[in-house]
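No value in this document is a laboratory result; all are computed from the given coordinates. Small disclaimer: the values here were computed from a predicted structure and weren't measured. As a convention, Cβ positions derive from the backbone with ideal geometry for all residues, glycine included, and neighbour counts pool all protein chains shown.
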Amino acid sequence: MRAVLQTYSLRRRLVGLLIGVVALMWSVSAVVAFRTAHAEADELFDAQLVQVAETLLAIVAAGQSPHVADEMAEHQHAYQLPVAFQAWQNKDGKWTLLVRSSEMPDAPLMENTGFDEHDLNGELWRFFAVDHSHSEYRVIVGQHHAARYHLAGEIALHLLVPILFGLPLIAIGIWAVVGRALRPVNAVAAAVGGLDARHLAPVQVSGPLPAEIAPLVTSLDALVGRVAEAMDNERRFTADASHELRTPLAALKIHAQVARRASDETIRGHALDQVLSGVERMTHLVEQLLTLARLDPDAAGNLEPEVDLEALAESICAALEPQARRAGQSLSLEGDGLVVQGNRWWLEVLLRNLVDNALRYTPAGGRVVVSLDAAVRCLRVVDDGPGIPPAQREQLLTRFARGADVEADGCGLGLSIVARIVTILGATLVFDDGLARPDGGMGLAVSIRFPPLVTMSKP
């Protein structure tokens, strides 16, 4: 069952985040604006209190106390907050109330001059007191703190209301800008969606790409290239495998028909021998194909830290010795111990294919030598077979490729498997001249040089 892919709108998320950021900034601005307005209001109305107190003091000192209320009403304007007041006269060390506003009590609110804050009728007020130069008169004026907060709030609101009403316009602008910025993403999505699975090609997007999108397109192109290469390899492999399997199957059918129709035991026995030989060849081909399919490059990270290659070589040579003896060949192992990092099964497959390939293409009476050199970390398999011209040696690494002796009992996958394992292990493979033949020619040598051992940290 195909997994359900959870998706979301990047455009909506970006717009939501940006609007959230704008709203947060607006909120912070509102708080800052209110605090700033309140501080400025405090300074403004403190100055007003001082001015009013000085004016009242001058009126009281001139003996015009009955006219204080009229003067206050006459000079009050819309931008000033209502002011409460008291006027006192000092007679023989005793303060006598001359005049007050309705909000003020009969008792003195302040003992000293300057600014101070008191609760009046359960509410916070700010007061200012000033004395005449001879301390004969004192005037106390005050303002309600709530009025200051109200005025500061109105100032802040007048500053921020335009921004508040501008948020929808900001949202529309952000929506349009984000949509325009995401056009390259939509173009890349459309280009990827238009790719033909049968003919994969790099992603084609018209116009320049943003620096944030270009790495994605580059990665997609690299992925498409690897997928296309893998598909080409698999198609080529399937075609080659089909061809290689079709020929022996046809031969098996013919030999089976001959054996079925033959009346002569000799002819029937020969046909059955050919059937058995073909089955063995088919079995070997299928085993090689399965081996090639099992080689997983992703497993390269799970390698054994130390594998004794000499012990593996001894085991492989011992297993293939009967095959060499039946063909009249000489198989020997030379050199000292060699320890490498790798997968034991991979290395066994590598050794078996190298030795088996050498035995298959070496004629009767020939020699195959397996040598190990720990000093240069090298494995060599040499023979005195027909050899391969230097210009054709690299072709041996392709699937179903054979050497000069096309009649040899092989399927052309051995060295391809070896090359795959060498690549996964990070080793190098080199072809060279092998052992000298009696006719003056040279056989083939396959050398594999392994990388140095890497000390693996314990978990």
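Here are a few things to note about the model shown:
- Ranked by how many other Cβ atoms sit within 10 Å of their own Cβ, fewest first, the residues Tyr137, Tyr149 fall in the order Tyr149, Tyr137.
- Residue exposure proxy: Leu223, Leu151, Leu333, ordered by other Cβ atoms within 10 angstrom of their Cβ from fewest to most, comes out as Leu223, Leu333, Leu151.
- Order of Ile174, Ile267, Ile316 under a 10 Å beta carbon neighbour criterion, fewest first: Ile267, Ile174, Ile316
- Counted residue by residue at 0.36 nm each, then reduced by the alpha carbon distance between them, the extension gain from Leu164 to Val50 reaches 37.4 nm.
- Net charge of neighbours whose Cβ lies under 14 Å from the Cβ of Pro390, counting Lys and Arg as +1 and Asp and Glu as -1: -2
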